[in-house]
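The structure appears right after this line, and notes come after that.
The numbers here are math on the coordinates, done by the rules we state, and not lab data. Keep in mind it's a predicted model, so treat the numbers as computed, not measured. Positions of Cβ are backbone-derived with ideal geometry, glycine not excepted, and every protein chain shown enters the neighbour counts.
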Amino acid sequence: MKAMIGLAVTSAIVLLVASLANAAPASKESSFEDQLRALSARIKKSLAILMDIDDDLTTLGKRTKDFDINMARLTVNVTELDTFYYNFQWTPVRQATGTATVDGATENAENVAVEVVRDCTDVMANGNTQSGVYSVNLASQESQTQIYCRMEGDEAWNIIQRRSDDSVDFDRSWDSYKNGFGDLEGSLWLGNDNIHLLTTQGLYKLRVRLERFNGQSAHADYDSFRVKDEDNKYQLVVGYYTGGGAGDCLYYNSYQYFTTYDQDNDEISIPGWNCAENLHGGWWFKSCAQCNPNGLYHNNAVREATTASWSPWTYYMESLKFVEFGLLRVWIE
């Protein structure tokens, strides 16, 4: 690079001297010495610019080398992390007891493989392959929580929300959303406390299942889903949208705090406006939302801002026949 700069400076001197030689005779006010000083100043300025370029290129080379080193380290770390996830994904952790309600019948879960059943994956590891309501110990707590497990092949989905009819009102208070409500085999909200416990005991991916009144169905998949505790206003942290045909609606809601009609945590700037109050359902509103799955349930297709909807799929706020949020374990601590 230094040689290139020297060549460039030499070329500049030759060109500038040639321009002086070919120039018209200097006037009385402009002596040869003045032109020579001007030439020297121009050469020094050009040299300074070229040296700056050299420094920038040298720095860029070092940064490129550092980038390559860091990328190599990152590749190793990602490989190790993938191996860690794989080894823990479907490994039964401990041994378990309890009861399950499946299609109205109670089954005993004795002599099974997992000691503490913390989610639906553990339920399935105990040999339960029927979808239904089961008792689990979220985050290994002593008290049990009932949860609906949707069993599909070798996947056990933890259902945290469902809209299937108008039998359950979702326009509810902060405490109601905190504790959960509804029918575990019908329309339900598992409860923000329970969703927090579930999603902080490991890594879970999300699938949102949707159905329109014309019979069309689609889903939206996300590679991670987590809800913080009440002190953090049940802040939502959603990973990347990975497909499913329904479109990404939750990008707008990620990192938002939960809002209900009696606790306003949205970001809308209109004085006195509460998204949950005006859209008739609690949610992680921003200002206000691109989707409103906890909005009003209609028994036919209507287009209203207050309706239970997923706009990227149906466009403007079309009411949906069915909505369900399910979480699938990727790994657990």
Separation of segment 186-237 and segment 262-333 by C-alpha centroid, Å?
13
Pair ALA113, ASN300: separation of 7 Å Cα→Cβ label points (nm):
5.1
How long is the gain from SER217 to ILE43 if the chain were fully straight, where each residue apart is worth 0.36 nm and the alpha carbon distance is subtracted?
55.5 nm
GLN144 versus TRP273, label points 7 Å from Cα toward the beta carbon: distance in nm?
4.7
Which translational diffusion coefficient, to the nearest whole µm²/s, is obtained for segment 159-257 from the Stokes-Einstein equation, given a Kirkwood hydrodynamic radius over C-alpha pairs, 25 °C and 0.890 mPa s?
170
Each label sits 7 Å from Cα toward the beta-carbon; between ASP183 and TYR255 the label points are separated, in nm, by 4.0
Which entries in the list LYS228/LYS321; LYS228/LYS286; LYS233/LYS321; LYS205/LYS228; LYS233/LYS286 go over 21 Å, if you measure between the two C-alpha atoms of each?
LYS228/LYS321; LYS233/LYS321
